[in-house]
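Undergrad: There's a structure below that I have some questions on.
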Amino acid sequence: MNETMTQNTQEQVPLLPNMSARVYPVQDPKQEKGSILANASVDLGGCFAVTGIKIVEGKDGPFVAMPQRMGRDKKYRDVCFPTTAAMREAINSVVMDAYRGELEQQAVRAAQAVERLSGRNAEKPSLRRELQNAAREVAARPAPAVTRDMDRGAR
């Protein structure tokens with residue numbers, strides 16, 4: 001019986017469920033306590049969800065922090081956590097991929113907004129500039145020929 005248990009434990013490869021993550025960037029990360037960049041939630045196989053995950057800016061770059069609660073000893077402890085290294089790596093990669101995707105989408109939206117704003121300025125020149133251009137055109141025109149019939153006595 002020991003041989004059977006040994007074979008089973010050595011060859012067991014944990015099956016990881018399909019995972020998806022949603023990321024909610026913090027509006028102004030510098031004002032948040034602890035440099036929180038975003039909040040996230042992970043759906044594990046459509047059967048279990050973990051919320052309260054944070055993406056935090058650390059010394060070596062951003063990392064994923066699992067949901068925590070303060071204990072009686074005033075120390076924070078994870079509420080839920082992966083029990084295997086493979087699961088931890090899978091959750092970290094899913095959350096960070098979703099975060100990178102969200103950052104890319106924000107960059108695209110910002111570029112589109114800049115493009116729209118620059119397009120508006122090109123289509124709508126300022127009133128002052130138009131008046132200055134009109135004044136230059138009027139000054140560049142030759143003066144109209146004035147007939148002096150009135151001065152010669154033709155009435």
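The values are calculated or read from the model by the stated rules, or taken from the named source; none is laboratory data. Everything quoted here is computed from the prediction, not taken from an experiment. As a convention, Cβ positions derive from the backbone with ideal geometry for all residues, glycine included, and neighbour counts pool all protein chains shown.
Undergrad: For segment 54-71, which residues satisfy the criterion of being more than 12 Å from Tyr99 (Cα to Cα), aliphatic (A, V, I, L, M) and surrounded by 11 or more Cβ atoms within 10 Å (Cβ to Cβ)?
TA: Correct list: Ala65, Met66.
Undergrad: Run Ser93 past the list (1) modelled with pLDDT under 90; (2) among the hydroxyl-bearing types (Ser, Thr, Tyr); (3) closer than 17 Å to Asn18 by Cβ and report the number of the one that doesn't hold.
TA: So the condition that Ser93 fails would be (1).
Undergrad: Looking only at segment 45-65, decide whether some residue is within 12 Å of Met19 (Cβ to Cβ), modelled with pLDDT under 90 and of a type in the set (Gly, Ala, Ser).
TA: There is at least one residue in segment 45-65 that is within 12 Å of Met19 (Cβ to Cβ), modelled with pLDDT under 90 and of a type in the set (Gly, Ala, Ser).
Undergrad: Out of all the residues in segment 43-98, which are touching a residue at least 40 places away in the same chain (Cβ under 8 Å), in contact with a Phe, Trp or Tyr (Cβ under 9 Å, 6 or more places away or on another chain) and part of a strand (DSSP E or B)?
TA: Ile55 - this is the single residue of segment 43-98 that is touching a residue at least 40 places away in the same chain (Cβ under 8 Å), in contact with a Phe, Trp or Tyr (Cβ under 9 Å, 6 or more places away or on another chain) and part of a strand (DSSP E or B).
Undergrad: If the requirement is being within 17 Å of the chain's Cα centre (by Cα), among the β-branched types (Val, Ile, Thr) and at negative phi, which of these qualifies: Val138, Val94, Val42? Full working, then the answer.
TA: Details: Val138 fails: within 17 Å of the chain's Cα centre (by Cα); Val42 fails: within 17 Å of the chain's Cα centre (by Cα).
That would be Val94, the only listed residue that is within 17 Å of the chain's Cα centre (by Cα), among the β-branched types (Val, Ile, Thr) and at negative phi.
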